[in-house]
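The values are calculated or read from the model by the stated rules, or taken from the named source; none is laboratory data. Note that the structure is predicted; figures quoted are calculated from it, not measured. So basically every Cβ, Gly included, is an ideal-geometry build from the backbone, and we count neighbours across all protein chains shown. Surface accessibility is based on the protein's heavy atoms, side chains included, excluding ligands, DNA and RNA. Shrake-Rupley method; radii C 1.70, N 1.55, O 1.52, S 1.80 Å.
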Amino acid sequence: QVQLVESGGGLVQAGGSLRLSCGASGRTFGSYAMGWFRQAPGKERDLVAAISRSGGTTYYVDSVKGRFTISRDNAKNTVYLQMNSLKPEDTALYYCAAGGRTDLSTILREYDYWGQGTQVTVSS
């Protein structure tokens, strides 16, 4: 079992930055691929970024490439999402998730553990 707790969301103006953090319980954090997803009202939950177990490989959806950076610190059981140049369309509830089936996954159903989410609101 892995418990995930997100933090760092908030209200920011367009062009601003936020850094999301996700802390995980347990001593096996390094054995999980990690991902950040987001869900806007009335829309599906979509992958934003993913990172491999070691942190050596990352994946980003096209809409955030060059603006967002995912990273992890396995010694601190934490994964981060640095978000720069935020846009109103980035407004959503952001979730972190952990998956143990592959080294890195872009598929929602391969993630087994989810946090409660942290709200990000970008004003224009």
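General remarks:
- Residue-level accessible surface for Ser124, protein heavy atoms, 1.4 Å, Å²: 140 Å²
- Assuming charge only on the beta carbon of Lys and Arg (+1) and of Asp and Glu (-1), the dipole of segment 15-124 about its Cα centre is about 200 debye to the nearest 20.
- Carbon + sulfur, % of accessible area of the chain - ligands and nucleic acids excluded, 1.4 Å: 45 percent
- Which of Val64, Asn74, Gln39, positive extreme of dipole for the chain (C-beta unit charges): Asn74
- Note on the chain: with a GNM built from Cα contacts shorter than 10 Å, the maximum mean-square fluctuation among Thr57, Thr78, Thr69 falls on Thr57.
- Whole-number accessible area per residue in Å² for the chain, which is evaluated in the context of all protein chains at 1.4 Å: 51 Å²
- Relative frequency of Cα-Cα separations exceeding 22 Å in segment 1-110, percent: 25 percent
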